[in-house]
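The values are calculated or read from the model by the stated rules, or taken from the named source; none is laboratory data. Note that the coordinates shown come from a computational prediction; the quantities given were computed from them, not determined experimentally. When we count neighbours, we look across all protein chains shown, and the Cβ atoms used for this are built from the backbone with ideal geometry, even at glycine. We work out accessible area using only protein heavy atoms, side chains counted, and drop any ligands, DNA or RNA first. Shrake-Rupley method; radii C 1.70, N 1.55, O 1.52, S 1.80 Å.
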Amino acid sequence: MRPVLTSFALLLLAAVPSRAEESYLPLAEGATWTYEIRKVAKVAGFVSAKKEGTATCSCVKLEKVGDVDAWILAWDGEGEDPPSGRIWVQGGVTGVVVAKSDADELWVLPADFDKTECEVEIAGEGGGITVSSKIEKAEEEIEVPAGTFKCRKVTSRVNVGGGVKTERIVWYAKGVGIVKIAKRADVGGGVSADKELVLVKHDPGKSVGGK
């Protein structure tokens, strides 16, 4: 069953508009991000990554979510278990707000870049969950097919019940957005599933008003 998530404790972004090159998630009409989906296996200390599909995130339009003007990010892909659905977000220099989601999973993590930790309450069909995020202050250099980028790393953990804890890591780069996503599931203390999305190309689209 696909969850419908709404964030009630929204992170507040700066009221003044920020330039796209300064934003950790620059959002504009027609912007797209294309990712390679990799399945990561760890056996006897060795790590291997196998391509299992592609995913595209498209910035569709602005829409009101309560009092928040949020961009709709539509996720689609092909291959084994690709991302799908829509996530309503705000992005800027100071943080990323997840206003609502009907996606299969939360592929965009909330973050307050002025802090090292933040906590957001999320309501879904199956009940409420808490997304706890840790934000690294220092930038980390990440190499992906699209290039090498200096990123802020955000790690979130969610307890989904039954002894399963999911971990999601997102690397945000100024002027680009999400460069890499890592998904991990921990069952009984051992990693049962690892998946990565790595950026292949980015089209910045156009700002509101066609500029």
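Just a few scattered comments:
- Scanning the stretch 150-166 for residues that are at pLDDT 85 or above and either under 16 Å from the mean Cα position of the chain (by Cα) or of a type in the set (A, V, I, L, M) (or both) returns Cys151, Arg152, Lys153, Val154, Thr155, Ser156.
- Qualifying residue in the stretch 67-82 (condition: outside any strand (DSSP E or B), at pLDDT 85 or above, surrounded by fewer than 18 Cβ atoms within 10 Å (Cβ to Cβ) and touching a strand residue (DSSP E or B) at 6+ places or on another chain (Cβ under 8 Å)): no
- Just one of the listed residues (Ile122, Ile169, Ile129) is surrounded by 15 or more Cβ atoms within 10 Å (Cβ to Cβ), at pLDDT 85 or above and not basic (Lys, Arg), and it is Ile169.
- Residues in the stretch 42-61 that are open to solvent by less than 80 Å² (accessible area, probe 1.4 Å) and at pLDDT 90 or above were compared, and the one that is farthest from Lys206 (Cα to Cα) is Gly53.
- Cβ separations smaller than 6 Å between residues 6+ apart or across chains give the following pairs from the stretch 92-103 residues that are under 13 Å from Arg152 (Cα atoms) and in contact (Cβ under 8 Å) with a residue 40 or more places away in the chain to residues that are aromatic (Phe, Trp, Tyr) and open to solvent by less than 30 Å² (accessible area, probe 1.4 Å): Thr94/Phe113; Gly95/Phe113.
- Which listed residue is of a type outside the set (Gly, Ala, Ser), at pLDDT 90 or above and part of a strand (DSSP E or B), from Val108, Val96: Val96
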